[in-house]
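Scroll down for the structure; my scribbles are underneath it.
The values are calculated or read from the model by the stated rules, or taken from the named source; none is laboratory data. Please read all numbers here as calculations on a predicted model, not as lab measurements. In this analysis, Cβ positions are derived from the backbone assuming ideal geometry, glycine residues included, and neighbour counts consider all displayed protein chains.
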Amino acid sequence: MAASVVVAPHKVDFGRLVAGQRGTQAITVSGMGGVSVRGQINALSPWVQVDRNGFDGKSTVITIAAETSAIAQPGAQRSDLHIICDQQQLFVPVTVEVAPAPSPAKPISTPPPRHRRGWW
């Protein structure tokens, strides 16, 4: 019988990030009852990145990154991590709210200095 995979947490929520920011979180992939598991993990969107594509052992920590620079429009974004182990497939939801980047500050224009003519 194949080992059951346990993923904690069950979802990854990066909360609110400003466009251009990168957020990171970790998940743990382990075998139920402490047994070793071996499999693959893939991000299903280009803005979601994983620090490794596989796991092998009783417990593996995987770092997930949200690269908001790869998201075209601000707003709520959702994707999934696809985890495969033996005949088991899991989908872990990944969400982020992307806020627009602040507009660059406009320089304050000051009038040129006035020169007095004549004697003081």
Scope the range 23-43; condition over 15 Å from Val7 (Cβ atoms) and touching a Ser or Thr at 6+ places or on another chain (Cβ under 7 Å); matching residues: Thr24
Inter-residue pairs, beta-carbon under 9 Å, first on the phi > 0 side of the Ramachandran plot and in the range 83-109, second at pLDDT 85 or above and surrounded by 10 or more Cβ atoms within 10 Å (Cβ to Cβ), 6+ apart: Asp86/Val5; Asp86/Val37; Asp86/Arg38; Asp86/Gly39
Residue in the range 57-71 that is touching a residue at least 12 places away in the same chain (Cβ under 8 Å), loosely packed, with under 11 Cβ neighbours inside 10 Å and either of a type in the set (Asp, Glu) or in a loop (DSSP other than H, G, I, E, B) (or both) present: no
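Can you find a residue that is over 20 Å from Phe91 (Cβ atoms), of a type in the set (Val, Ile, Thr) and touching a residue at least 12 places away in the same chain (Cβ under 8 Å) anywhere in the range 29-44?
Keep residues of the range 29-44 that are over 20 Å from Phe91 (Cβ atoms), which gives 33-36.
Keeping just the survivors that are of a type in the set (Val, Ile, Thr) gives 35.
Those still in the list that are touching a residue at least 12 places away in the same chain (Cβ under 8 Å) too: 35.
There is at least one residue in the range 29-44 that is over 20 Å from Phe91 (Cβ atoms), of a type in the set (Val, Ile, Thr) and touching a residue at least 12 places away in the same chain (Cβ under 8 Å).
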